[in-house]
1. With +1 on each Lys and Arg Cβ and -1 on each Asp and Glu Cβ, how big is the dipole of the protein assembly as shown about its Cα centre, in debye rounded to the nearest 20?
2. Averaged per residue, what accessible surface does chain A expose to a 1.4 Å probe, in Å²?
3. Give the aspartates and glutamates reachable from B:Lys28 as a straight Cα distance under 15 Å; neighbours fewer than 8 places away on the same chain don't count.
4. Using a probe radius of 1.4 Å on heavy atoms only, what accessible surface per residue do you get for chain B? Whole Å² is fine.
5. Excluding residues fewer than 8 places away in the same chain, name every one of the aspartates and glutamates whose C-alpha is closer than 17 Å to that of A:Lys135.
6. Rounded to a whole number, what % of the accessible area of chain A do carbon and sulfur atoms account for, probe 1.4 Å?
7. Nearest 10 degrees, 0 to 90: what angle lies between the long axis of helix B:4-37 and the longest principal axis of chain B (Cα atoms)?
8. Restricting to Cα pairs below 8 Å that are 6+ residues apart, what does the relative contact order work out to for chain B? Please round to a whole percent.
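The values are calculated or read from the model by the stated rules, or taken from the named source; none is laboratory data. Please read these numbers as outputs of a predicted model, since none were measured by experiment. Counting neighbours? That spans all protein chains shown, and the Cβs are built from the backbone with ideal geometry, glycine included. Only protein heavy atoms, including side chains, enter the accessible area calculation; ligands, DNA and RNA are left aside. Shrake-Rupley method; radii C 1.70, N 1.55, O 1.52, S 1.80 Å.
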Amino acid sequence: MTQDVVIKAQNLDLTFQTNDGPVHALKDINLDINKGDFVSFIGPSGCGKTTFLRTIAALENPTAGSITVNGMTAEEARKSRAYGYVFQAAGLYPWRTISGNIKLPLEIMGFDKAEQQQRVERVLELVELTGFGNKFPWQLSGGMQQRASIARALAFDADILLMDEPFGALDEIVRDHLNEQLLKLWARTNKTIGFVTHSIPEAVYLSTKIVVMSPRPGRIADVIESTLPRERPLDIRDTPEFLEIAHRVREGLRAGHAYD
Amino acid sequence: MRNILPILAVVFAMIIAWYAGAFMMNKKWTYDQANRAGVELTLSEVFADTMAQPRPVLPAPHQVAVNFWETTVEKKITSRRSLVFHGWITLKATLTGFILGTIIGTLLAVGIVYSRVMDMSILPWAIISQTVPIVAIAPMIVVLSNSVGIEGHLVPKTIISAYLSFFPVLVSMIKGLRSPDRMQLDLLRTWGAGKSQTFWKLRLPGSMPFFFAAVKIAIAASLVGAIVGELPMSGSGGLGARMLVGSQYGEPLLIWSALAAAALLAAVLIFIVGTIQTITLKRMGMAQ
Ligand SMILES: Nc1ncnc2c1ncn2[C@@H]1O[C@H](COP(=O)(O)OP(=O)(O)OP(=O)(O)O)[C@@H](O)[C@H]1O
Ligand SMILES: [Mg+2]
């Protein structure tokens, strides 16, 4: 089966020049992400997950190697609005209502008013926030704010969704619920998703492909293709298949640690 | 009601202290007069006299209140003895100076935030400008603007007023325009926003709380600037000119009434700005 490669990293290297000398954040990253993949990046703190995601989004420039998105350079892809980016904090503007926040990228991209309104309503429904459009961010719970920021990233129909620990600050129950919703959303929209997490169960539950990274310098320790079906009820997490994949991820993480 | 009680208590204490001060400072003149006339005064007679002298060292509150009433409500507002007449002159200079200062402060802040060269070249001078005492350069500005042939007194007063008010706006707006964090700026980048979109959609609205904090200080500074600008030009009118006339002719009541008018004006201006702030920030969802 041949699949379209959307994101292709080849021999990617990135070194930050800091006052305390160079920090080798990414070393020799080779990775293909196919259309419709749900790829999780997991690894200990400081191993370069955020940096890699930012490099895909052309928010950082690699020092060596290449990265292409939809066959373009990352910079060109960013300019053609190929992705929606969700940061760890919701980052909603406090002076805009939820609708206003979701409209922001649409205003910048020049959608007309009627289209904006229509899209806002559609994505609010996708993240189950219908009726909250006129609220200000501080009137919503943390989980709702995070959903609103996901809605904002979905509003302009980018094919790729990059998410950096979007549920990191939320409690387990809310997290489970949002994970379920995210999977449904992914199934419905067939987007390609890059997802950073610290949680093994979260990575296994969500992903079709799990990228285990190890630190100093940040590199890929293992890439695990999930054998789980695309349809995933929450209790799939108790099946032997799930536990086996989780085990492999844990092994990968441990191997990365033993290295230094 | 619970808030008003402590305020009233403080006001009450201040009025008591004021009366006590008036008694202490004016009684010397009363005793001198009595000595000269060779009469003995009881304490209550001394007290009554200190409260009603025509030219007291420190007028009692009710004297100021009466004089204030006479020179505002009971005078035609076109009269040169009316504080409303002079207050209007001061208000005009305050508002023009305030508007000019706010515009200059905001524009400079935008320049400094967007241009490294301006950041390095303008900001130090702006800071130095505020270390020069305004009373020292106010007369110079008046003389200079006269000698270049500028008619009237509004222009020099506006300049002095703007000179004082641009600075708080400048400092606050630099901070406000720089307040968006890296994540918010990065978000805009992922959407392909340009510089001007970043300014209008993120930096400017984000700076509003800073703007209003600064504008409250700026309006008070503008009033001070206008009054200081009026001091060297008693002929031009204005509350500052009234204070000067009062001190030249030994009329303390006049000075105190003008002071009261200036304080009232400041309170009203700050209240107006505060109300605009509350309404704006509330509509922006940022009021607490
Ligand atoms: N802008 C930067 N300048 C200098 N060094 C940086 C910068 N951003 C990241 N780094 C360094 O690069 C390394 C990787 O950081 P990164 O944020 O990608 O880690 P991470 O895997 O996302 O960690 P976490 O799980 O804690 O979020 C770290 O050592 C970090 O200190
Ligand atoms: Mg990170």
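1. 1480 debye
2. 44 Å²
3. Result set, ordered by chain and number: B:Glu40, B:Glu45, B:Asp49.
4. 55 Å²
5. Cross-link targets: A:Glu121, A:Glu125.
6. The C+S portion of the solvent-accessible surface of chain A is 50 percent.
7. Compared with the principal axis, the helix lies near 40 degrees.
8. Relative contact order, chain B: 21 percent.
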